[in-house]
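The values are calculated or read from the model by the stated rules, or taken from the named source; none is laboratory data. Only a predicted model underlies this, so the values are computations on that prediction, with no experimental measurement involved. Quick reminder, even Gly has a Cβ in these numbers, built from the backbone with ideal geometry, and neighbours come from all protein chains shown. Keep in mind that these areas ignore ligands, DNA and RNA; they rest on the heavy atoms of the full protein, side chains included. Shrake-Rupley method; radii C 1.70, N 1.55, O 1.52, S 1.80 Å.
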Amino acid sequence: MTSQPTGGTVLELRGVGVSFGGLVALEDVSLAAAAGTVVGVIGPNGAGKTTLFNVVCGFVEPNAGAVLFEGSPLRPRPHRLASQGIARTLQGVGLFRGLTVLENVMAGATHSARAGLVSAMLGLPRSDRDERRLRDEAMTLLDELGVAEHARAWPDTLPYAVGKRVALARALVARPRLLLLDEPAGGLGGDDVDELAALIVDLPARASAGCSVMLVEHHMDLVMKVCDQIVVLDFGRVVASGTPGEIRDNPAVAEAYLGAEVQS
Amino acid sequence: MSTTKPAERKTVPVQATRSRMSRFVVPSPLRPGEGSTLLRHLLWVAVAAVVVYFVSYGIDPFRNYQLATVAAYLCVTAGLTMLTGLNGQLSLGHGALMACGAYTVALAQNEFSDRDLFGPWRLPISLALGVLVAALAGALIGVCAARLRGPYLAGVTLAVALVVPAFTTRFADLFNADQGLSVYVDSPPAGLGPYFPPERWQAWIAIGAAMLSLLIVANLVNSRFGRAFKAVRDDEVAAKLVGIHVARTQVLAFVVSAGCAGLGGGVLAVISQSVSPSVFGLTLSLNLLLAIVLGGLGSLFGAAWGALLLVLLPYLTTEVTRGFELSPRLANKLEGNLPLAIFGLTLIIVMLVAPGGIQDAFRALGRTVRRRWRRT
Amino acid sequence: MSEADVLVVDKVNAGYGAVPVLRDVDLTVPAGTITAVLGANGAGKTTLLRTITGLVRPSGGRILFSGADLRAVKVEQLVRRGIAHVPEGRGVVAELTVDENLRLGGLWRSDKADAKKATAEVYELFEPLARRRNHLGHQLSGGERQMLALGRALVARPTLLLLDEPSLGLAPKVTAQIMALLKQLRDTTGLTVLLVEQNVRGALSIADRGVVMSLGRIVLSADADQLLADDRLRHAYLGF
Amino acid sequence: MDRFIFLTFDGLSRGAVYAAFALALVLIWRAARVVNFAQGAMAVVTAYAAYTISDAVGSYLVGFIVALVGGLALGALVERGLMRFVGHANPLNDVIVALGLVLFLTAVVGMIFGGEYRAANQPFDTSAIEVGGIPLMSRYDLFIWGSVATMVVLLALLFTRTAIGLRMRAAAFAPEVSRLLGVNVGRMLTLGWALAAAVGAVAGVLILPTELGLHPHAMDIVFASSFAAAIVGGLDSPVGAVVGGIIVGLILSYVSGYFGAALTPIAVLVVLLAVLLLRPGGIFSSVRARTV
Amino acid sequence: DDAPSTGGGGTAAAVPGVTDTEITLGTHMPLTGPAAAGYSKIAPASKAFFDYVNANGGVNGRKIKYLIEDDGYNPANTQTVVRKLVLEDKVFAILNGLGTPTHTGVLDFLKTQKVPDLFVASGSRSWNQPEKYPTTFGYQPDYTVEGKIIADYVKKNFPGKVVCHMGQDDDFGRDSLAGVEQVLGADGVKSKQKYVTSNTNITPQIQAFKAAGCQVVISATIPAFTALSLGTAAKLGGFRPQWIPSSVGADYTTLAGLLGDGKVLLEGLIAPGYLPVSTDAANPWIQLFQKVNKEYNGNAPFDGNVVFGMNVAYLTVQSLLKAGKDLTRESLIAAVESGGFKNAAVGPYRYSKTDHSGIGGMQMGKVTAGVQAAFGPVVQTDDAAGPVTEYTEAAAPPPANGIPTA
Ligand SMILES: Nc1ncnc2c1ncn2[C@@H]1O[C@H](COP(=O)(O)OP(=O)(O)OP(=O)(O)O)[C@@H](O)[C@H]1O
Ligand SMILES: Nc1ncnc2c1ncn2[C@@H]1O[C@H](COP(=O)(O)OP(=O)(O)OP(=O)(O)O)[C@@H](O)[C@H]1O
Ligand SMILES: CC(C)C[C@H](N)C(=O)O
Ligand SMILES: [Mg+2]
Ligand SMILES: [Mg+2]
């Protein structure tokens, strides 16, 4: 069921266009992300990066084009995404305030929960077993990301970096084959960014939950370090795409996005 | 240049603060290595049942009636606190859902007794039907509610609360309009003896129903569905992304809490042996809301406090004012109004001093006491 | 502490409820300088800014602005005294339009013409905002909101600007632009800036001084050049 | 046809009444993000004050002014003395305190004035002007419409054109940011409550002559219908309150006229659902919020 | 502690609510809430009259203690307060509980507890079911009887006029209409309109009357809606039919208060009554009640509700006296069933073993120059097909000291 397509294209966008009222947010965007790679999407503010993610997730209905996931057309509906094999983190932290860290991560595994309504209402052993399994999976992941000690804490009390990791754990526990990260390094300090970079680079190769990654980020160090391929958006259009090296040397990108004095 | 020693850098920089904080963190309902949810909750129920059994022998019939009323409300507040507290959906129309249960029970009881059907199972079957009908109505409202938020949901459910009299008038042949129906209720089983007060029997029925409702809500809250309820309340976008169908979850919460309301309404019909539309008006719906917020929103203990308050507060305010000797002129003006004023004032004061409700206040008190205890 | 110190934080302690966060924080900010406040997540940087503007009540210590104790000043009075605070996390009023948000920044000012001019400057600076004048705050992208929050503070023409991670979510080019602007404002108008940043290098490149916080204390305070130049210090305190 | 025309005009004049009161609800929602369940009870209090004084003085105008000023004062008092201290452990606390206030105010009014209905006099002739034998609107109805229109225009101007309006809106949405921008949030809240209560009080004295009369519960039903009207129109929009008021007024009139008064609550529910399922934020709701 | 909670009677010592020195009675009334207007004055008036009797020696040496519970006209509250009165306060009897929906809910309870349930304040026919509810008794003429009496009057005095009916959309309106149609025939009523108390816009209904050309409108309306009907009609191009409201909504003092300046509209209003009109200062009963009102009721505004409450108390004292010194619940019920009471009521009480309905006769009254006064004969009828006949027995004045005798 979760056979890992090797080598193929995990996500493909064909001529996607989005407009809000009169405002064109995306125009004829086509791109392909190879399985087992990390693809970065960069571009000026308001270029349409988040909107691109929203199209893939079904939060925004494109008015043109198609989205293909693992070769077949995707009619994205946000709540079906997880079971289709796509997970996403949000800008900021986006944890459920009223759930503990552990519960947050367990919630991430919702689509693999099997206990039915009746067994849940009656508190039958079937439901308990299911819960125990989810809890174990969640604990394992928290442990892998080094935040297991916070399992019983409330999200509001977490240091920011820990919160971001928990959010990542919540996305990973669903065992996605494609992970969309929206500004994962936003607000993180230097060390934390490095650790995050290491983590992301590892994701495609991970034994337990190997997946392809697509990320939007303004933190150029991170992008350059982790991405196999980079797509640059400006005014809703793809203006460049290539390896980190190619992008860095692309004068148009430097002009529109990086600015005169390139931050390394 | 100042020269403090550089702090050790770790992923978790504020370790000291953190661990102190985590002491206040209420343990997640899922403790590692615990046993069966059902057994644990059944144990609670059994303890409560035994306590109530003895209590019901120790008090007079009127107190038993009050106990039964509390239990009937508890059926409803348990479901409502789940809906409003845990799932974030405000309902001002649960009185109407209680009416669904109550009228179904009334019609079923009368019909069954006319035809002499089902023997000792008559009441459970009627109540089950009441739950079913209320749950169906809840599903209908829930489907609409799932699209609405905040005051818009409040407005629609308020409108729901107001349609009960219209329905009973429109279908007067069935529901007998304002006058309502009387409900056939079997007398207590002969085995309990000839002088067994019916109020005590009613209290048992009501407590049984309340325990059932609490058991189911508690189980549900502790399951993945409970997690989904809270997730939807906290962040709909994130909830969708983890694979929760937001609308369906909201409808589910509505249906379950409507079922609880149906049960409560049915029990109320049984203990008062009558149903009429004005019982289930807006006042009742608002009172239910008062109960769960005053008790402590989102907590089943809070729901219990709330149900208790709903019965005791009006009673006590009246008793208190009864103590005053008033001249006839003053009595004409104050009688009735004085208890209401005190009731209103009490609500306000409780909300001001315990914004998290009674349960929360007790929890805070418990913490303080424990801290003091440790210190000495 | 000298005449020229526009802001003095003196032995300030603060926290949330029973949880202490700031412990005996001492900080002086000379007028017309940029001070970068650095430190890991959770070190208390945001709390420091919030304490200065009175959003968090200090449990001890003094905060002096141009010699006056800020603890006696109401939050809503600060902007009139020349203090602007851009809070963490895009403090945009999401239900108001871009234009209204900017107007809000200049509301307190009596010089309406200048407020208009300042608004125009902001639109010039952040060109994406100019295209979205009548869009509601919540329609904006993350970076656009950040621009709006910053722009709104600039409309107020403050003398002391407290910025909490202004580069968060902004494209590198815009970040550089903002840093350059801060520098320019300091040089031309004598603006004083207290800048909390994760983008350490960017911040230090324009700052006069760098202050490093850890566990709610200020553990290092040095000239920015020195911090950038001294590898040992940088490694120990800033981790790069 | 005659009946239809008559019912339409009847609905319009009732609509004015709901619009007037819905305006107060919209105002408080915009200023403080609460649905003020105590609005009706507060309007009753000011109405008693207004009628007592206008009876004593013998001038309608004086009563009107008393209501207006009393509303301002009562609104400010409720905010300063009560709502300000309500904790926000959850968003329902406001509602519960408002409900407590309703009980308290009605009880106190009942103690002072008794539960009897009192006649509410009006300044104008209430006889309907007849056109072709069909009674259409009375001069008093026109007076109500005029007052409502004036209030809508003034409020719209206040909110969209003035700095105070901008401050009030900002304070309601983002109190902390507003304070940093120099907005005195506390004062804005007080002002919002005072204005809303004043509008409610004026609506109250306008409405009462068309109702059963003045008694402690005189505004209960009006509150429910007006709440529906405000929701239909969209709680954020003064114009929405008027349109919502008209819709609810017309529905009530047509349904009572053609199908019987008992069915009106069902009709209101149906209309609410019909409108809100299409536009979950009311007819005049603004753009849907971007959530991601 | 397994003793029965019921106090079904037996020896005098075991009678709940009765001691050698005291009789405890209880009632449920809307003292607060939308329905309280007017009705909240009834129970205090009764209490005042009891106090008057108590001050004059009580009933067979026992003082009457009257416990008034507020139910806000909400049947759920009625359930609670009546149980409290019976189970906790151990009242001897429930007296004059007000309202059809409220009181209907407690009938079964009162029956199982065998509590005398006297003189329910509502004109529903439910109270008159001696087989089903042997302890419950009505008081005022039921709405069907009243409808018949009004219709009979209309038939005789407004022949050929277009008659219409306005009714509250519950059994008040329904029973009234049934009575009217009983006399006038189903097609004798041209337009039938209904209103609900939760919708104060009755313009559509009044317009329908106008369109139908109604000349006489019989209405089963509570006072607020009587006033509203008159006011609304006047606004619709001076539509002035002859209004004949039920006695429930026809008290002049109340209506005049509701209409304010518009009270001129009451001129010519005709309505039946079963008690003397409160403004009829010449009536010796009114004089008595006014005196009691002044001395024991804080001189509350004197209207029909006060008269109603006082006369209920009077009737209660009569019943208690009749039940004798050896007061039990059975003896009280037997006393009421023995019937033959005479007091302020203009018509006869119909109480017997087989009839638990109350007053059977009414007299028309009319407002002239701002004074409501009774006129014409007292008539009586039943709630079935029986004819409307004249009741000829002359009214008796109260005893000189105002204290009832058996
Ligand atoms: N729901 C919406 N309604 C109106 N405009 C929108 C909406 N969503 C996005 N936009 C506009 O579309 C453009 C693209 O937005 P998007 O959030 O995709 O940008 P982004 O590339 O993620 O920018 P950033 O880097 O600042 O986060 C922006 O100009 C934004 O204002
Ligand atoms: N509202 C709050 N309630 C309780 N604790 C808080 C609150 N806000 C912050 N804290 C805690 O105070 C400490 C300092 O937080 P602060 O936000 O000031 O750090 P920071 O240096 O700004 O971090 P970051 O770089 O993540 O923004 C942290 O441990 C945090 O968890
Ligand atoms: C209170 C009564 C006199 C009238 C009322 N409509 C009822 O039947 O309940
Ligand atoms: Mg974005
Ligand atoms: Mg911070």
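Observations
- Net charge dipole, chain D: roughly 1140 debye, given to the nearest 20, about the Cα centre with Cβ charges of +1 for Lys and Arg and -1 for Asp and Glu.
- Rounded to 10°, Cα long-axis angle of helix E:223-235 versus longest principal axis of chain E: 10 degrees
- The range E:329-335 - phi-based ³J(HN,Hα) in whole Hz, Karplus 6.51/-1.76/1.60, Gly and Pro as x: 4, 5, 5, 5, 5, 4, 5
- For B:GLY243, distant residues with modelled amide H under 5 Å away: A:ALA82
- When each full DSSP H helix of chain A is screened for a Cα extent of at least 15 Å along its own axis and an average Kyte-Doolittle hydropathy of at least 0.5, the helices passing are A:160-172.
- Taking chain E as a Gaussian network of alpha-carbon nodes connected by springs under 10 Å, the highest mean-square fluctuation of the residues E:ALA211, E:ALA45, E:ALA313 belongs to E:ALA211.
- DSSP beta bridges fully contained in chain C are about 55 percent antiparallel.
- 3J(HN,Hα) from dihedral phi, the range E:107-123, Karplus parametrisation 6.51/-1.76/1.60, rounded to Hz, x for glycine, proline: 4, 5, 4, 5, 5, 5, 7, 6, 8, x, 10, 8, 6, 4, 8, 5, x
- Alpha carbon centroid spacing (whole Å) that separates the range E:244-263 from the range B:102-167: 40 Å
- Of the trypsin sites (Lys or Arg not before Pro) in the range E:260-339, those whose Cβ has at most 16 other Cβ within 10 Å and which sit in DSSP loop: E:LYS325
- Counting every pair of alpha carbons in the range D:12-216, the share spaced more than 31 Å apart comes to 23 percent.
- Among beta bridges that DSSP assigns inside the protein assembly as shown, antiparallel share in %, nearest 5: 50 percent
- Spatial offset of the range A:87-155 relative to the range E:333-406 amounts to 77 Å, using the alpha carbon center of each.
- Helices in chain A, meaning DSSP H runs of at least 4 residues, each add -39500 (n - 2.57). Divided by all residues, the mean residue ellipticity at 222 nm is -10000 deg cm²/dmol.
- Rounded to two decimals, the Cα radius of gyration of the range D:197-239 over 2.2 N^0.38 Å is 1.22.
- Taking only the alpha carbons of the range D:103-247, we obtain Rg and Dmax values of 18.5, 63 Å in that order.
- All Cα pairs of chain E, percent lying beyond 36 Å: 22 percent
- Convex hull volume per residue for chain A, taking Cα atoms only, in Å³: 139 Å³
- Gyration tensor over the Cα atoms of chain B: the corresponding equivalent ellipsoid has semi-axes (square roots of 5 times the eigenvalues, largest first) of 39, 26, 23 Å.
- With a Förster radius of 41 Å applied to the beta-carbon distance between C:ARG133 and B:LEU312, the computed FRET efficiency rounds to 0.10.
- Converting the Cα gyration tensor eigenvalues of the protein assembly as shown into ellipsoid dimensions via √(5λ) gives semi-axes, longest first, of 69, 36, 30 Å.
- Residue-wise HN-Hα coupling along the range A:149-157, computed from phi with Karplus coefficients 6.51, -1.76, 1.60 (Hz; x: Gly, Pro): 5, 8, 3, 9, 7, 8, x, 4, 8
- If you take all other residues with their beta carbon under 9 Å from the beta carbon of B:GLN179, and give Lys and Arg +1 and Asp and Glu -1, the sum is -3.
- Membrane-span-like helices in chain D, defined purely by DSSP H runs whose alpha carbon atoms cover 18 Å or more axially and whose average Kyte-Doolittle hydropathy reaches 0.0, are D:2-32, D:39-57, D:60-81, D:93-113, D:139-161, D:185-207, D:220-233, D:238-259, D:264-278.
- Contact order normalised by residue count of chain E, Cα under 8 Å, 6+ apart, percent: 17 percent
- Surface accessible to a 1.4 Å probe, B:ASP360 within the full protein complex, Å²: 70 Å²
- Residue of B:GLU236, B:GLU199, B:GLU325 that the Gaussian network model of chain B assigns the largest fluctuation, springs spanning Cα pairs under 10 Å: B:GLU325
- Probe 1.4 Å, all protein chains present, accessible-area order of D:TRP193, B:TRP204, largest first: B:TRP204, D:TRP193
- Taking amide H as placed 1.01 Å from N in the peptide plane, the amide H of A:SER30 sits under 5 Å from that of A:GLY15, A:VAL16, A:VAL238, each at least 5 places away or on another chain.
- Degrees between helix B:150-162 axis and first principal axis of chain B (Cα, 0 to 90, nearest 10): 10 degrees
- Helix-only mean residue ellipticity at 222 nm for chain C, each DSSP H run of n ≥ 4 adding -39500 (n - 2.57), per residue, nearest 500: -10500 deg cm²/dmol
- Based on Cα contacts under 8 Å between residues 6+ apart, chain A shows a relative contact order of 26 percent.
- Counting every alpha-carbon pair across the range A:59-112, the share separated by more than 15 Å comes to 60%.
- The spacing between the range E:53-110 and the range B:308-376, judged by their C-alpha centroids, is 26 Å.
- For chain B, the Cβ-based charge dipole about the Cα centre amounts to some 2440 debye (Lys, Arg positive; Asp, Glu negative; other atoms uncharged).
- Summarising the amide proton neighbourhood of E:THR136: residues at separation of 5 or more, or on other chains, whose placed amide H is nearer than 5 Å comprise E:ASP117.
- When DSSP beta bridges are restricted to pairs lying wholly in chain A, around 55% turn out antiparallel.
- In the range E:107-181, the GluC sites (Glu not before Pro) that fall in loop regions by DSSP, at most 15 other Cβ within 10 Å: E:GLU131
- Most fluctuating residue given options B:ALA48, B:ALA72, B:ALA154, as computed from a GNM of chain B linking Cα atoms under 10 Å: B:ALA48
- Chain C: relative contact order as a whole-number percent, Cα under 8 Å and 6+ apart: 27 percent
- Principal-axis tilt of helix E:284-296 within chain E, Cα atoms, nearest 10 degrees: 60 degrees
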